[in-house]
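Written out below as structure tokens is the structure these notes cover.
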Amino acid sequence: MVSCCCDLCMVAALISFYLFNKFPAKVFPGDILTYSVGALIAGMAILGNFEKIAIFIFIPYAIEVVLKSRGKLKKQSFGIPNEDGSLEMPYDKIYGMTHLSIFILKKFKKKVYEKDVVYFIFAIQIVICLLALIIFKSNIFIK
């Protein structure tokens, strides 16, 4: 029961952080937030007995590791800003989720802005979370 209260407190804090730090971001969370969120997710997965769902939800992070490794962890994950605020690919190849997002969005839009990239990555994460719930709730592919 204590764990549930701590989880709810953390989720409330994350929602508040998001609401007060929407685009354009004024504060960057840094390691202290990302480590604590990782610990929260790991704790919830272990205590709630849904480790498979947690692993599935981390697919975007695994993709990020693969793409970063491709650049030998030396390539920046930023886009190049134009004078009008739109973003361009910094490299010829894709070395992160940001680059992948810019690349995909450029196929549909002439100009891609930071807000577009952020919401596109959010959408990817939401779709993966929904797929995890559908797949693991209905036991598709799970025996």
Given the conditions (1) in contact (Cβ under 8 Å) with a residue 60 or more places away in the chain; (2) farther than 22 Å from LYS22 by Cα, every one holds for SER69 apart from (1)
Looking only at region 96-126, which residues are among the β-branched types (Val, Ile, Thr) and either more than 14 Å from TYR61 (Cα to Cα) or touching a residue at least 12 places away in the same chain (Cβ under 8 Å) (or both)? THR98, ILE102, ILE104, VAL112, VAL117, VAL118, ILE121, ILE124
Would you mind finding the one in PHE17, PHE56 that is under 22 Å from CYS129 (Cα atoms) and in contact with a Phe, Trp or Tyr (Cβ under 9 Å, 6 or more places away or on another chain)? PHE56
Counting only helices (runs of 4 or more DSSP H) entirely within region 1-73, those with at least 1 residues that are among the hydroxyl-bearing types (Ser, Thr, Tyr) and on the phi < 0 side of the Ramachandran plot are 2-20, 30-48, 59-70
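Scanning for something of a type in the set (S, T, N, Q) and under 29 Å from ASN139 (Cβ atoms), does region 19-41 turn up at least one residue? Explain how you work it out, then say what you get.
Kept after step one, since they are of a type in the set (S, T, N, Q), are these residues of region 19-41: 21, 34, 36.
From what's left, under 29 Å from ASN139 (Cβ atoms): none.
Checked region 19-41: no residue is of a type in the set (S, T, N, Q) and under 29 Å from ASN139 (Cβ atoms).
No value in this document is a laboratory result; all are computed from the given coordinates. Since the structure is predicted, the reported quantities are computational estimates derived from the model, not experimental observations. Cβ sites come from the backbone with ideal geometry, for glycine too, and all protein chains shown count toward neighbours.
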